[in-house]
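The structure appears below as structure tokens.
What follows draws every value from the coordinates through simple rules; no lab data is involved. All of these numbers come straight from a predicted model, not from anything done at the bench. Neighbour counts run over all protein chains shown; Cβ positions are idealised from the backbone, glycine included.
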Amino acid sequence: MRFQFLMLLAMFMLFGGRLAARPLRHDFHVSIMTVDCNAETGSLEITLKIFTDDLEKSILKLGGPKLEVGSETEDKETDDFISQYLQNRLAFEVNGNEAHPEWVGKEVEMDATWCYIEIKNVGQLKQLKVTNRILLEIFADQSNLVHVNCDGKTKSIYLRKGSTQDLVEF
């Protein structure tokens with residue numbers, strides 16, 4: 001009985017009294033990018049986790065439509081708008097050469113959208129320069145974390161307004 005009470009209390013505190021699928025607001029602004037080297041395919045598999053409401057606000061501010069990501073009324077061109085947004089906010093250089101990721105798809109989970117892109121024909125990764133300007137057009141305190149996993153090593157970078165680009169070397 002005490003365990004059940006503590007679980008309910010923890011859920012109440014975690015969700016702020018709201019058990020809705022999408023919270024009305026959150027007080028931190030962060031995206032997380034994970035770059036995984038796939039030695040078999042010679043590609044970089046990139047996953048981005050972005051708060052759905054922030055992604056929608058950003059695309060709307062830049063002139064896009066109201067997307068309603070993950071809902072029954074989601075715009076039929078949502079993937080195209082998100083892909084275009086990422087193309088305009090991300091840049092990559094692999095081993096000193098400009099690289100263009102391809103859109104793979106997205107998944108919506110609670111209040112986050114997981115976006116998947118891929119850079120093909122990388123070969124062995126020696127260095128990766130990442131520019132990440134996601135959500136900086138709407139939040140001055142936006143943080144964009146990047147984790148690069150390659151050859152059993154993980155290197156991380158922290159990008160934000162005024163520092164949107166960094167380089168990792170292997």
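For Glu98 and Phe28, the difference between the fully extended length at 0.36 nm per residue and the C-alpha to C-alpha distance is 22.0 nm. Loop-located GluC sites (Glu not before Pro) in segment 38-83 (DSSP state other than H, G, I, E, B) with a sparse environment of at most 15 neighbouring Cβ atoms within 10 Å: Glu40, Glu68, Glu72, Glu74, Glu77. A DSSP coil position with no more than 14 other Cβ atoms inside 10 Å describes the following trypsin sites (Lys or Arg not before Pro) in segment 23-113: Arg25, Lys66, Lys76. Along each principal axis, taking the top coordinate minus the bottom one, the Cα set of segment 53-146 gives 43, 28, 24 Å in descending order.
Measuring between their Cα centroids, segment 24-81 and segment 95-170 lie 13 Å from each other.
Using a Cα-Cα cut-off of under 15 Å, which aspartates and glutamates could be cross-linked to Lys161, ignoring same-chain neighbours fewer than 8 residues away? Correct list for Lys161: Glu137, Asp141.
Listed by chain and number, the lysines whose C-alpha is less than 24 Å from the C-alpha of Lys76, apart from same-chain residues fewer than 8 away, are Lys49, Lys57, Lys61, Lys66, Lys106.
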